[in-house]
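Structure first, then comments.
Every number here is computed from the coordinates shown, using simple stated rules; none is lab data. Just so you know, these numbers come straight off a predicted model, no measurement behind them. Cβ sites come from the backbone with ideal geometry, for glycine too, and all protein chains shown count toward neighbours.
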Amino acid sequence: MHPVRKQRLLVVLFILGFSTLAVGLVAYGLRGNINLFFPPADIVAGKAPLGQPIRMGGMVVEGSVIRSEDSLRVQFDVTDYAATVTAVYVGILPDLFAEGQGVVTAGVLDGQGVLQASEVLAKHDENYMPPEVAEALQKSAGAGS
Amino acid sequence: MWSFFHKLGSPPWLYAISGKILQWLLPVTLLLLAVGAVWGLLYAPADFRQGNSYRIIFVHVPASVVALAGYYVMATAGAISLIWKMKMADVAMRSCAPIGAALTFLALLSGAVWGKPTWGTWWIWDARVTSMLVLFFLYVGVISLYEAFDNEVAAARACAVLSLVGTVNIPIIYKSVDWWYSLHQPASIKFTEESSMHSDMLAPLLLMIVAFYCLFICSLLLYMRGEILRREGTTHWVRKLLLDAGDAHAV
């Protein structure tokens, strides 16, 4: 290879390496802040600030959803299978909100450790299948237990 | 191999060969797009939780995948242009930017349309969505940086450096859903294990991804041909080409 081109190749490799290093360090420095939400375990451990807007993400516990009879108030537990935190929300839930499904809620933690939610978003998982297949899976799981 | 590389640097050769490739690739692309779209949108089964709204995946995922791959094409062309000072590499880099920007915009737009009914919001500042927005700005940045220079050699060098620096964003976009907690779901198509998507949905999706790759190559070649003609407009071979075309019409 021509020496001048070799030198330019080194410059290209330097640009790639240096920018990767710089961005890597920034991402490492901000590693906590890039996460969209806290899992309930971190909230129970006291890692999330009280009285400030935060987001919590996890699975809605089966059978924990309590809807109010005369308002849009709804209460549910969110778990990451290590800890559970209760959330209270007044408003319309997204279509995919369901027990046993992923959810991301934004709100403020009160003194009792309950998340007073101002926004509830459904977190979809990566599984896609036709309804018949889902039904068959559920049936075989029921027969097995 | 080197003679092929040198031929790539010749505008008349590239113009001629791209014309021949487009002649058959363009119909193949249109056919793949039509079959994939009809199969995915009409014949693939509905999802057990999302119903029909999941069908946006047949546009969203191919557009995102090719937008990411297209960035590597642009950055590789930029590296070749820096090292070998090859003008046709400049043309390729310049042509990738608007196509990549369009695909990234399509991915963001289709994601927003899907996110509103599914997540409950059309925009969220999570790692995946934000890094995809950065990719859009990188593409737009290359376009505007190119236009900001009067001297094409200086413009090519600046754009090559920008596109090389931006490559660090591509693995970040790809791995963002695994490295951090995000609202965006992890990938359904997996290379090392079975995909978490039913094969009746996966097949049209893979077909659409292939179709979008072909669409990218077609658009890139078409854009490059236009760019070659613009740059070489005063040369002998372009005049001859135009005169021949004129004769053909006259007959």
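Arranged from fewest to most other beta-carbon atoms within 10 Å of their beta carbon, B:THR234, A:THR105, B:THR118 become B:THR234, B:THR118, A:THR105. Largest GNM mean-square fluctuation among B:GLY36, B:GLY78, B:GLY19, using chain B with Cα springs under 10 Å: B:GLY19. Ranking of B:ASP126, B:ASP247, B:ASP200, A:ASP80 by neighbouring Cβ atoms within 10 Å, starting from the fewest: B:ASP247, B:ASP200, A:ASP80, B:ASP126.
Restriction of the chymotrypsin sites (Phe, Trp or Tyr not before Pro) in the stretch A:45-145 to DSSP coil positions whose beta-carbon has at most 11 other beta-carbons within 10 angstrom yields A:TYR81.
Selection among B:TRP119, B:THR235, B:ALA77 by position relative to the dipole of chain B gives B:THR235 as farthest towards the positive end (Cβ unit charges, Cα centre). Nearest 10 degrees, 0 to 90: what angle lies between the long axis of helix B:169-179 and the longest principal axis of chain B (Cα atoms)? That helix lies at roughly 10 degrees to the long axis. Pairs of lysine residues in the protein assembly as shown that meet both criteria, 8 or more places apart or on different chains and Cα atoms under 21 Å apart, total 11. When the Gaussian network model of chain B links Cα atoms closer than 10 Å, the mean-square fluctuations of B:TYR72, B:TYR139, B:TYR43 top out at B:TYR43.
Among the trypsin sites (Lys or Arg not before Pro) in the stretch A:20-92, those located in a DSSP loop and surrounded by at most 12 other Cβ atoms within 10 Å of their own Cβ are A:LYS47.
Of A:MET129, B:MET201, the sequence from fewest to most neighbouring Cβ atoms within 10 angstrom is A:MET129, B:MET201.
Rounded to the nearest 10 degrees, what's the angle between the helix B:11-38 long axis and the longest principal axis of chain B, both from Cα atoms, 0 to 90? Here the helix axis deviates by roughly 20 degrees.
Loop-resident trypsin sites (Lys or Arg not before Pro) (DSSP state other than H, G, I, E or B) in the stretch B:160-251 with no more than 12 further Cβ atoms inside 10 Å of their Cβ: B:LYS190. Taking GluC sites (Glu not before Pro) in DSSP loop states with no more than 13 other Cβ atoms inside 10 Å as exposed sites, chain B has its longest site-free stretch at B:1-192. Within the listed set B:ALA77, B:ALA89, B:ALA44, the residue fluctuating most in the Gaussian network model of chain B (springs between alpha-carbon atoms under 10 angstrom) is B:ALA44. Placing +1 on each Lys and Arg Cβ and -1 on each Asp and Glu Cβ, with no other charges, gives chain A a dipole about its Cα centre of roughly 1200 debye.
Between A:GLU62 and A:VAL4, the modelled label-to-label distance comes to 7.2 nm, taking each label 7 Å out from Cα in the direction of the beta carbon.
Our summary gives chain B a relative contact order of 29 percent, counting only alpha carbon pairs under 8 angstrom and 6 or more residues apart.
How far is it, in nm, from the label point at A:LYS47 to the one at B:GLU194 when both lie 7 Å from their Cα along the line to the Cβ? Distance between the two pseudo-spin positions: 3.3 nm.
For chain B, the longest principal axis of the alpha carbon atoms and the long axis of helix B:199-231 meet at an angle near 20°.
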